[in-house]
Each structure stands twice: as structure tokens, then as C-alpha cells.
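Encoded as C-alpha cells, the structure appears first; notes follow it.
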Amino acid sequence: MTTSTELKPQPSDRFTFGLWTVGNRGRDPFGDAVRPPLNPVTTVQRLSQLGAYGVTLHDNDLVPIDATPGERDRIVREFRQALADWNLKVPMVTVNLFYDPVFKDGALSSSVRSVRAYAVEKTQRAMDLGVELGAEIFVLWGGREGAEMDAARDAREGLRYYRESLNTLCEYIVRQGYSLKIALEPKPNEPRSDIYLPTVGSMLAFIQTLDRPDLVGVNPEVAHAKMAGLNPVHEVAQAIDAGKLFHIDLNDQRIGRFDQDLRFGSDDLKGTFYLVKLLEDSGYQGPLHFDAHAYRTEDPEGVWDFAAGCMRTYLIFREKVRRFYQDAEIQAALQEWQALCAEERPIRTAEDRQYWGAVGYRYERLDQLVNELILGLR
Ligand code: GCO
Ligand code: MN
Ligand code: MN
């Protein structure tokens, strides 16, 4: 049995939550808020008490879009005090380029010069805020960078503007001497019918066309990969392979649904196990960021059940990964498979080909063993 202290989150586990995640009020397209607003200072306190490492935010999760400079400074000062009091970090900051009606046809990729310029400038202010809070990662999720129809803006034009805006932002980072890296977050749709650069693969190809590809990586999200009908584990693996996993959004999602942002591991236990295994095997050292929210059924206390659940599930699976490597039967099955892979039997004759065609990989046995491990029977 795993002792409960091993499953108690510690700051060294690097768990982080967005202000907008635990602060989600349960609004959906068909229904109003069910929970009162959550104060950022209270969020810092509660997350710290639960053992989280940090908190993340969009500019406007903390500072209202119309705040005066004086209000902004007061809010940031109080927030920084809370961070210091509760020893919580802000490893990542992002910008809200989707909520205000001004962004209805895009922000960094908008065809409207004034909107594009405003989006770049708003992002720069959010970068300033991030640096002030100690962030080293800047996430960009282009929820409005897309279209419902293609008769006006050609998608190539959208990509060109997106690229120009990102080049300007990288230049800003360099000019300011910021040690900030950008992590682009792909999503196939919602709120737009189609969002440009819908997958990790498309983002990686696009990054190579930027002036400073070294400053830009990806922030894959489990739910977004599933919305695209993809395997999130393979999406994240490709990001790691490219040296571009700068950040990650952990949550869950049922395939084929609207963006659900469910509690980590709440839908797909097996997929979650393999994701944790991949992150642990790869030695990923970045924040483990939960971008999810509590069910709409929850009251304010239920939100903390949700947050604790995300972290506990990660720790349970981390322990399961350890057992995967200690389990004699699983390891023996793996060794047999490795021996098969290494077998010296070049394919020169029809007989050799038949041999390799007839050989059994024994994946049924191995998969069942892993299922039993996940189910708690090993
Ligand atoms: C979504 C997105 C957002 C972004 C966040 C960061 O649910 O579609 O994941 O939550 O991650 O806005 O910009
Ligand atoms: Mn996200
Ligand atoms: Mn999402």
C-alpha cells in the first residue's frame, strides 16, 4: 500500500493551477454562473495549503481590462504579497486575447491592422506583468485566431499576420532582455469553428518559420488533442522529441465533445497513466499545470476537492509508473519483447519473411498486465 503522505502534494512536485481554473464559476453557453467570484489572494492561500507549487494567470484574471495604472499597481502589489506570504510561484503567465468583443475575428492574426496592433501591445503588457511576477513561460492560446468562413481572409493571410505578430513579440522579449519563452497552445476549434494551427504538429511546423524559433515551443493540452481525435500522449511525445515541450495543460475530456476541461484523469484512466509515464520517463522538468475546472454541480468547497483530485491522481499514477518498473511479470514480458526486437534474423528469403510475419508480439498479455496494474490488482 502507498502511504497517504506519499500522495500528499509538495511544492517539489511542481503542480500549478490557473486563477481561471479554480476560479471558474460554472458558466456555460446555456447557463449562468453557479459559484461566486474567487479572490486571487484567497486562491493563493488555498492552493498553497493544498501543496501546489504555483499559480498562473491571464492578465485579466488579475487586473481588469479597464484598470487604471494605479489600480493595476495596487492589485499586483497585494497579489505579490500573498505569493510571498504563502510561498507560491508564478511560473507561467498568459494573455486574454479572446474575451473582449474586439477580438471577435482574431487577435494576433486579425486582418484589422488596429486590432492586431492592440493585441500585440496587450500581449507585451502581459509579458511585463509576467516578468514582474517571476514567470519564465508565456503561453499563447489563440482561441480567436481562426474563422467560421474563408471567403474574406485567406487562411494564408491569417498565418502571415500571426507570424508577423509573433516575430514582433519575440523581438520585444529580446529587446527587453526578458528570460521568457513562448509556448503556443493548439486547439482545433471552439470558440471559432476552426482555429488556425489546430495540433502540436502544425504548431511545430509553424514555429520553424518564425524569426526566433528558439524562443517558441508548445503547450499541448490533453483535452484539445482529444477534441481533434488525437492521442494526447503521442502529441506530447512529438513535442518532447522536438525539444519543444515548454509547458503542458493537464486535464481530461471525452472524445468528440465540446471543450470540457475535466479534472485530470476523470475520464480516461489508461490514457492518463501513459501520459504520466511519458512525462516521468522523459524527465520533463517544467510545471505540471492543470487547466481544468470543477463540475458545474460544485459549490465553492467542491472546487478544492477538484483541485486536490487533480494532484492526487497525478501522484497515484506516478506511483503506478514506479510499480510498472518494479513489477516482475511486466518487466519479464517487456524483456521478452525487447529480445524479440533485437533478434538477429535478417529478412532475405521468403522463409525469413514468413517467420517475422508469424511471430507473436504478446501485446495482449502485456496490455492486460498494465490494465490490472492500473485497476489496483498488482
Ligand atoms: C481552453 C484553453 C484555455 C487556455 C488558456 C491559456 O480551455 O480552450 O485551454 O484554457 O489554456 O486560456 O491561454
Ligand atoms: Mn489550456
Ligand atoms: Mn481547454
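The values are calculated or read from the model by the stated rules, or taken from the named source; none is laboratory data. Because the structure is predicted, anything quoted here is derived from the model rather than measured. A quick note on method: Cβ atoms are made from the backbone with ideal geometry, for glycine too, and the neighbour counts reach across all protein chains shown. Note: accessible area is taken over every heavy atom of the protein model, side chains too, but ligands, DNA and RNA are not part of it. Shrake-Rupley method; radii C 1.70, N 1.55, O 1.52, S 1.80 Å.
Yes/no matrix, rows are residues, columns are (1) under 16 Å from residue 42 (Cβ atoms); (2) outside the structural domain of residue 196 (by TED's automatic domain parsing); (3) over 22 Å from the mean Cα position of the chain (by Cα):
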position	(1), (2), (3)
67	no, no, yes
70	no, no, yes
77	no, no, yes
84	yes, no, yes
91	no, no, no
96	no, no, no
102	no, no, yes
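Scan the stretch 164-205 residue by residue and report those that are in a loop (DSSP other than H, G, I, E, B), within 16 Å of ligand 1 (Cβ to nearest atom) and not small (Gly, Ala, Ser).
Hits for the stretch 164-205 are 180, 186, 187, 188, 189, 190, 191, 192, 196, 197, 198, 199.
Among all residue pairs at least 6 apart or on different chains, which show Cβ distances below 6 Å where the first residue, located in the stretch 313-327, is polar (S, T, N, Q) and the second is crowded, with 20+ Cβ neighbours inside 10 Å?
Matching pairs, first to second residue: 313/264; 313/265.
Of all residues in the stretch 255-270, count the ones that are out of contact with any strand residue (DSSP E or B) (no Cβ under 8 Å at 6 or more places or on another chain) and of a type outside the set (A, V, I, L, M, F, W, C).
Matching residues across the stretch 255-270 total 5.
List every residue pair whose Cβ atoms lie under 6 Å apart, where the two residues are 6 or more positions apart in sequence or sit on different chains, the first residue falls within the stretch 268-294 and is under 22 Å from residue 307 (Cβ atoms) and within 14 Å of ligand 2 (Cβ to nearest atom), and the second residue, located anywhere, is assigned to a helix (DSSP H, G or I) and among the hydrophobic types (A, V, I, L, M, F, W, C).
Between residues of the stretch 268-294 that are under 22 Å from residue 307 (Cβ atoms) and within 14 Å of ligand 2 (Cβ to nearest atom) and residues that are assigned to a helix (DSSP H, G or I) and among the hydrophobic types (A, V, I, L, M, F, W, C), the close pairs are 290/310.
With the requirement that a residue be surrounded by fewer than 21 Cβ atoms within 10 Å (Cβ to Cβ) and within 11 Å of ligand 3 (Cβ to nearest atom), what does the stretch 246-260 give you? Break it down stepwise before answering.
Of the stretch 246-260, the ones surrounded by fewer than 21 Cβ atoms within 10 Å (Cβ to Cβ) are 254-260.
Passing the criteria: 258, 259, 260.
Please find, among 207, 182, the residue that is among the hydrophobic types (A, V, I, L, M, F, W, C), touching a residue at least 60 places away in the same chain (Cβ under 8 Å) and either away from ligand 3 (no atom under 14 Å from the Cβ) or closer than 22 Å to residue 105 by Cβ (or both). Don't jump to the end; show me each part of the working.
Values: 207 fails: touching a residue at least 60 places away in the same chain (Cβ under 8 Å).
Step by step, each of 207, 182 is checked, and only 182 is among the hydrophobic types (A, V, I, L, M, F, W, C), touching a residue at least 60 places away in the same chain (Cβ under 8 Å) and either away from ligand 3 (no atom under 14 Å from the Cβ) or closer than 22 Å to residue 105 by Cβ (or both).
Of all residues in the stretch 8-17, how many are in contact with a Leu (Cβ under 9 Å, 6 or more places away or on another chain) and either over 19 Å from residue 303 (Cα atoms) or without any contact (Cβ under 8 Å) to a residue 24 or more places away in the chain (or both)? Give the steps one after another, and end with the answer.
First pass over the stretch 8-17, keeping only residues in contact with a Leu (Cβ under 9 Å, 6 or more places away or on another chain): 8-9, 11, 13-17.
Add one more test, that the residue is either over 19 Å from residue 303 (Cα atoms) or without any contact (Cβ under 8 Å) to a residue 24 or more places away in the chain (or both), and what stays is 11, 13-14.
So the count comes out to 3.
Could you identify the single residue in 229, 283, 243 that is of a type in the set (Gly, Ala, Ser), in the same structural domain as residue 205 (by TED's automatic domain parsing), surrounded by fewer than 16 Cβ atoms within 10 Å (Cβ to Cβ) and more than 20 Å from residue 137 (Cβ to Cβ)?
Just a single option satisfies the conditions, and that option is 229.
Condition test on residue 175, is it open to solvent by 50 Å² or more (accessible area, probe 1.4 Å), more than 15 Å from ligand 3 (Cβ to nearest atom) and under 30 Å from residue 77 (Cα atoms)?
Taking the combined requirement at face value, the residue satisfies it.
Scan the stretch 18-31 and give yes if some residue there is free of Cβ contacts under 8 Å to residues at least 40 places away in the same chain, open to solvent by less than 60 Å² (accessible area, probe 1.4 Å) and among the polar types (S, T, N, Q), otherwise no.
No.
When you scan the stretch 153-163, how many residues do you find that are assigned to a loop (DSSP other than H, G, I, E, B) and either outside the structural domain of residue 108 (by TED's automatic domain parsing) or open to solvent by less than 50 Å² (accessible area, probe 1.4 Å) (or both)? Lay out the reasoning, then the answer.
Narrowing the stretch 153-163 to residues assigned to a loop (DSSP other than H, G, I, E, B): 153-154.
With either outside the structural domain of residue 108 (by TED's automatic domain parsing) or open to solvent by less than 50 Å² (accessible area, probe 1.4 Å) (or both) added as a condition, the list becomes 153.
So the answer is 1.
Looking at the stretch 296-315, is at least one residue within 16 Å of ligand 3 (Cβ to nearest atom) and either polar (S, T, N, Q) or open to solvent by 50 Å² or more (accessible area, probe 1.4 Å) (or both)?
Yes, there is a match, as at least one residue in the stretch 296-315 is within 16 Å of ligand 3 (Cβ to nearest atom) and either polar (S, T, N, Q) or open to solvent by 50 Å² or more (accessible area, probe 1.4 Å) (or both).
Considering only residues that are within 16 Å of ligand 1 (Cβ to nearest atom), out of contact with any helix residue (DSSP H, G or I) (no Cβ under 7 Å at 6 or more places or on another chain) and over 29 Å from residue 168 (Cα atoms), which ones fall in the stretch 206-255?
223, 227, 228, 230, 254
From 277, 270, which residue is basic (Lys, Arg), in a helix (DSSP H, G or I) and surrounded by 16 or more Cβ atoms within 10 Å (Cβ to Cβ)?
Result: 277 is the single residue among 277, 270 that is basic (Lys, Arg), in a helix (DSSP H, G or I) and surrounded by 16 or more Cβ atoms within 10 Å (Cβ to Cβ).
Is one or more of the residues making up the stretch 241-248 closer than 27 Å to residue 206 by Cβ and assigned to a helix (DSSP H, G or I)?
So far as the stretch 241-248 goes, yes, one or more of its residues are closer than 27 Å to residue 206 by Cβ and assigned to a helix (DSSP H, G or I).
Listed here are the residues, each with its yes/no results for (1) open to solvent by 20 Å² or more (accessible area, probe 1.4 Å); (2) within 16 Å of ligand 3 (Cβ to nearest atom).
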position	(1), (2)
90	no, no
97	no, yes
107	no, no
110	no, no
118	yes, no
128	yes, no
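Do the conditions hold for residue 234, that is, is it away from ligand 2 (no atom under 14 Å from the Cβ) and either part of a helix (DSSP H, G or I) or open to solvent by 10 Å² or more (accessible area, probe 1.4 Å) (or both)?
It is true that residue 234 is away from ligand 2 (no atom under 14 Å from the Cβ) and either part of a helix (DSSP H, G or I) or open to solvent by 10 Å² or more (accessible area, probe 1.4 Å) (or both).
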